[in-house]
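Presented below is the structure to which this report refers.
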Amino acid sequence: MLLSFGWVLLPVGAAFEFVCFAAMRPGGSKPVWSPLVGAALGLIGVGILMAARYSVRQGKRHLSPITTAQQVLDGRPFVLYLRTFTDDPALGDFRPGADLRSSFGDAHISNQALRTEEEQLKVAVRPFGPMVAVGRPGERLPEVGARRLYLDQHGWQDTVLRLMAKAGGSGLVLMGAGRGAALRWELAQAVALVPPSRLVLLVPMRQEDYESFRRDVAALFPASLPGYPDGARLVKYKAQIRGAIYFDDDWTPHFVRFDTPRSPGNFQRVIESRFVYGLRPVYERLAVAWPGIQLRLPTHSRPTRRQVPLFAAMFGTPLALLGFLVWSILHF
C-alpha cells in the first residue's frame with residue numbers, strides 16, 4: 001500500500017514542478033504575481049516528491065525478503081555481501097544519477113532511477129546468484145537490496161564462516177571497505193577461505209578514507225592493496241560507492257574507479273552499469289554470463305509510447321484537480 005501510494009505521488013509532484021518552472025520562466029506576458037505562485041507550487045511539488053520517495057523506499061523495505069542461514073546454505077550458489085552496518089543508510093538511499101540527462105525528464109521518477117545503490121549491486125551480481133547479507137542487529141526493517149538473514153550476537157562468526165566458505169566455493173563474496181573489528185576479522189577470514197578470483201572489495205569512501213583503510217589492512221592481504229588511482233572526479237557523480245577492487249589468482253589487486261568521466265555507465269543505473277563494465281574480468285574468469293548494459297539511454301525528439309501515459313498522468317491529474325477547484329469556487 002505504501003509503495004503504491006508513493007508511485008501515485010511521484011507524477012503529481014513532478015507536475016507541480018513543471019508548472020513552477022513554467023510560471024517562473026522569464027519572458028512572455030505573465031501577471032506580476034506569477035513568480036510567487038510558481039515558487040509556492042514549486043515548494044509544494046518538492047514536498048510531494050520527498051513524501052513520494054520516502055513512501056517508495058519504506059514500501060520497498062516492508063516488502064524486502066528475509067531468509068535464514070540454513071536456507072541459504074541449502075540453496076543454490078549465492079553472493080555473500082559483508083560490510084560495516086554504518087554504510088547501510090547511505091547505500092540504502094536514493095541518489096541522483098552520475099551524468100547524462102533524459103530529454104523528457106522521466107528518468108527522475110522512473111523505476112530505474114528509484115533504485116538504491118544496494119539494489120543496483122544486487123542486479124549487477126545476479127549472474128553469480130542471489131545476493132545475501134547479514135542484517136543489522138536491532139533494525140526494524142531491512143534495507144532494500146540483498147536478502148537479509150539475522151544472526152545471534154553470540155556465535156555469529158561460525159555462521160559467517162560457513163556462508164563465506166560456500167559463497168567462495170561456488171558464488172561470490174562482496175565486501176565493503178570500512179572500519180571496525182568485526183569487518184577486519186571478516187577480511188582476514190575471506191583472505192584465508194575465499195579464492196582471490198571470487199572476492200571483490202567495494203570502496204564506499206573518499207580517497208583519504210580509503211588510504212587510511214589500506215594502511216590498516218595492509219598486513220591481511222598477500223599483496224598490498226593499490227593506492228587510489230589518479231584522475232579527475234566526475235562532478236555530477238553522487239553515489240557513495242566510488243570504485244571496486246578485484247584480484248588475480250595470485251592476489252594481484254586491480255582498483256576500478258566508478259567516479260571518473262571515463263567510467264562507462266549510464267545515468268540511471270550508476271552503480272550497476274559501472275560494476276558490470278569495470279569488473280568484466282571477474283565475470284569472464286568465473287565463466288559467468290556477462291550482463292551487458294546499454295551505456296546511454298536513447299533520447300527522443302518526441303515522447304515514446306511508454307512516456308505518453310506518464311505525461312498524461314503528470315499533467316492531467318493536477319489539471320483535473322485545478323478544474324474541480326475552480327468549478328467549486330464558481331458554484332458555491
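Some observations on this one:
- Cβ-derived FRET efficiency at R0 35 Å, Val191 paired with Val235, nearest 0.05: 0.45
- Separation of alpha-carbon centers, segment 225-276 and segment 1-67, rounded to whole Å: 32 Å
- Taken one residue at a time, the phi angles of segment 6-23 give Karplus couplings (6.51, -1.76, 1.60, θ = phi - 60°) of x, 5, 6, 5, 4, x, 5, x, 5, 5, 4, 5, 5, 5, 4, 5, 5, 6 Hz. Gly and Pro are set to x.
- FRET efficiency, 1/(1 + (r/R0)^6) with R0 30 Å, evaluated for Arg140 and Asp209 via beta carbons: 0.55
- Phi-based couplings in Hz for segment 157-172 (Karplus 6.51, -1.76, 1.60; Gly and Pro marked x): 4, 4, 5, 4, 5, 5, 5, 5, 5, 6, 5, x, x, 9, x, 7
- Highest mean packing first, where packing is the average number of other Cβ atoms within 10 Å per residue, the peptides 251-258, 204-211 line up as 251-258, 204-211.
- Karplus-based coupling profile of segment 63-70, in residue order and whole Hz: 9, 5, x, 10, 10, 10, 4, 5, with θ = phi - 60° in 6.51 cos²θ - 1.76 cosθ + 1.60 and x standing for Gly or Pro.
- Full-extension gain in nm, Leu161 to Phe5, via 0.36 nm per residue minus C-alpha separation: 52.0 nm
Taken together, the values in this text are just the output of simple stated rules run on the coordinates, not laboratory data. Worth saying up front: this structure is predicted, and the values here are computed from it rather than measured. Note: ideal-geometry Cβ built from the backbone for every residue, glycine included; neighbour counts use all protein chains shown.
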